[in-house]
């Protein structure tokens, strides 16, 4: 695809913040510039933290929200499967775009992210996919204008790269003005900023206890080529992801130990 002229035939949009989320509205505006045909299939409600999950024990209900636009009572992964295997009929998307997420998806956090999970589901179905997220320091003042300004060129450039097989790319926009953002930089996942998960007990109006789960975040050691370091420096990161989580170092240790024990 020519980065300056050609348009993609068809793109599928989804997210994990819900079909009414501001980040999805930004992505729809971006996609209108990039593709001849845009489909939106997104969760009816916020599905943050649902990772790659799909619904195997409950039915999926779909509501039509407009032309080629649907809400699904399910996870981001459900949305991608419903779109590609049912709602879009004989149409196959050229590219799956997931986002634009409210908040960065960095390091270990990508394992929990529904935004990344939707893109990985696209990859599972054999489709090139890009997850996009906008970092913020103040949740009430997300720099959507940064993502809106930078995303078209970023997506064009990434879509133009030839690969032997479909890939999933995780893109994060920094929390700076678009004019101050550094270049698109290839990164490694790294560990990110998640330090743990806490349980927060609460009492409801009837005196019954309930609980919230909450990530704890803080500085961790991330290499200079990690997405955390790159986004923190004001650049746009792109990390190629795959499904193989095999720890090669432990694989070798276990292999040697088990061979010795025979």
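Since every read-out is calculated from the coordinates, none of them should be taken as a lab result. What you see is a predicted model; the values in this text were computed from it and never measured. Ideal geometry is used to build each Cβ from the backbone, glycine not excepted, and the neighbour counts take in all protein chains shown.
Each of residue 139 and residue 61 was given a label point 7 Å from its Cα along the Cα-to-Cβ line. The distance between the two points is 2.7 nm.
If both residues of a DSSP beta bridge must be in the chain, then about 40% of such bridges are antiparallel.
Using the average count of surrounding beta-carbon atoms within 10 Å as a protection proxy, the listed peptides 218-230, 242-254, 11-23, 137-149 rank, highest first, as 11-23, 218-230, 137-149, 242-254.
Note on segment 95-219: antiparallel DSSP beta bridges, both residues inside, total approximately 45 percent of the bridges counted.
From most to least packed by mean Cβ count within 10 Å, the peptides 56-67, 86-97 give 86-97, 56-67.
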